[in-house]
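Undergrad: One structure follows; several queries about it will come next.
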Amino acid sequence: NAGVTQTPKFRILKIGQSMTLQCTQDMNHNYMYWYRQDPGMGLKLIYYSVGAGITDKGEVPNGYNVSRSTTEDFPLRLELAAPSQTSVYFCASSLGPGPPLSGNTIYFGEGSWLTVV
Amino acid sequence: AQSVTQPDIHITVSEGASLELRCNYSYGATPYLFWYVQSPGQGLQLLLKYFSGDTLVQGIKGFEAEFKRSQSSFNLRKPSVHWSDAAEYFCAVGGLTGGGNKLTFGTGTQLKVEL
């Protein structure tokens, strides 16, 4: 029962470098999300996807890109890393659009700690 | 816009004592409310959720929460805290905006348990 799996768990990037955070889920969920968590703050939604081939911006999308070529995978790309992107990143997924019809629950991965220096 | 306020940044309780973590929300329609717990270095685990019906909801690990519409609150409670409950707790309100199940999180309450 893997659920939502994120890699890598820890990464240090230099300013201007690019990288991709991988996220995969094995629950056949249609909806997937990327959040970032900064110290003393709640989680902020970066991007989300309602199904393969469909993505949309969340609250804090600048500096990031996503793609959703399959139901299982939802990678998050940082093109030109900046210190402001030092954060903990969480991928999440849910079966459908949420309550009340289905009582959908969002399941989170264990997080990816990213430091940009 | 939806928002969540957790007024207590840190709370310290003794093991065996009761616990109440406060959560106030702002949402323009019927709110869908959640409590998540995050242990150090871990992801978020769902404790409980409220969608409709009984305003007192039971969750895992002996936690419960009560939805009070008149006070726009969804406080988390536990009658007797265990040392393993030390973690960060997040309240969240969910809503459908242009598709997607988007959660808005509070800033979290760090719980410390004294032995």
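The values are calculated or read from the model by the stated rules, or taken from the named source; none is laboratory data. All of these numbers come straight from a predicted model, not from anything done at the bench. Using ideal geometry, Cβ is built from the backbone for each residue, glycine included, and neighbour counts are taken over all protein chains shown. Surface areas here come from the heavy atoms of the whole protein model, side chains and all, with no ligands, DNA or RNA. Shrake-Rupley method; radii C 1.70, N 1.55, O 1.52, S 1.80 Å.
Undergrad: Would you mind computing Rg(Cα) / (2.2 N^0.38 Å) for the protein assembly as shown, counting N as its residues?
TA: After normalising by residue count via 2.2 N^0.38 Å, the value is 1.01.
Undergrad: Summing both sides, how much accessible area is buried between B and A? Use a 1.4 Å probe and give Å² to the nearest 100.
TA: Looking at B and A, the buried total is near 1900 Å².
Undergrad: Okay, next question. Anything losing 10 Å² or more of accessible area from the isolated chain to the full protein assembly: pick those residues out of the stretch B:4-32, probe 1.4 Å, ligands and DNA/RNA ignored.
TA: By number: B:Tyr32.
Undergrad: Next up: How charged is the neighbourhood of B:Tyr36? Take every other residue with its Cβ under 11 Å from the Cβ of B:Tyr36, and add Lys/Arg as +1 and Asp/Glu as -1.
TA: Charge balance in the 11 Å sphere: 0.
Undergrad: Counting heavy atoms of the protein chains only and a 1.4 Å probe, report the per residue accessible area for chain B as a whole number of Å².
TA: Spelled out: the 1.4 Å probe surface of chain B, per residue, equals 46 Å².
Undergrad: Which whole-number percent gives the relative contact order of the stretch B:1-65, counting Cα pairs below 8 Å spaced six or more residues apart?
TA: Normalised by residue count, the contact order of the stretch B:1-65 is 23 percent.
Undergrad: Would you mind telling me the antiparallel percentage of the DSSP bridges in the protein assembly as shown, rounded to 5?
TA: Among the beta bridges of the protein assembly as shown, antiparallel pairing accounts for roughly 90 percent.
Undergrad: With a/c under 1.5 counting as rounded, go ahead and sort the stretch B:26-113 into rounded, prolate or oblate using the C-alpha gyration tensor (a ≥ b ≥ c being the square roots of the eigenvalues; past the cut-off, prolate if a/b is larger than b/c, else oblate).
TA: Here the stretch B:26-113 falls in the oblate category.
Undergrad: If you find the alpha carbon centre of the stretch A:1-59 and of the stretch B:65-79, how far apart are they in angstrom?
TA: 30
Undergrad: Of B:Ala17, B:Ala87, B:Ala65, which is the most mobile in a GNM of chain B whose springs link Cα atoms less than 10 angstrom apart?
TA: Taking springs between Cα atoms under 10 Å, the residue moving most is B:Ala17.
Undergrad: Relative to the isolated chain, which residues of the stretch A:34-74 have their accessible area cut by 30 Å² or more in the presence of all protein chains (1.4 Å probe, heavy atoms, no ligands or nucleic acids)?
TA: Listed in order, they are A:Tyr35, A:Gln37, A:Gly42, A:Leu43, A:Tyr48.
Undergrad: Another question about this same structure. Any of A:Lys57/B:Lys68; A:Lys57/B:Lys61; B:Lys49/B:Lys78; B:Lys78/B:Lys102; A:Lys9/B:Lys61 with alpha carbons more than 25 Å apart? Name them for me.
TA: With Cα atoms farther than 25 Å apart: A:Lys57/B:Lys68; A:Lys57/B:Lys61; B:Lys78/B:Lys102; A:Lys9/B:Lys61.
Undergrad: Quick one: putting +1 on the C-beta of Lys and Arg, -1 on the C-beta of Asp and Glu, what dipole do you get for the protein assembly as shown around its Cα centre, in Debye to the nearest 20?
TA: Approximately 340 debye in magnitude.
Undergrad: So, with a 1.4 angstrom probe, what is the percent of accessible area on the protein assembly as shown that is carbon and sulfur?
TA: Exposed carbon and sulfur together represent 52 percent of the surface.
Undergrad: Mind jotting down the three principal axis lengths of chain A based on Cα atoms? Whole angstrom, largest first.
TA: So the three principal-axis extents are 44, 31, 27 Å.
Undergrad: State the answer as a single residue: which of B:Val81, B:Ala65, B:Val93 lies farthest towards the positive end of the charge dipole of chain B, with beta carbon charges of +1 for Lys and Arg and -1 for Asp and Glu, about the Cα centre.
TA: Value: B:Val93.
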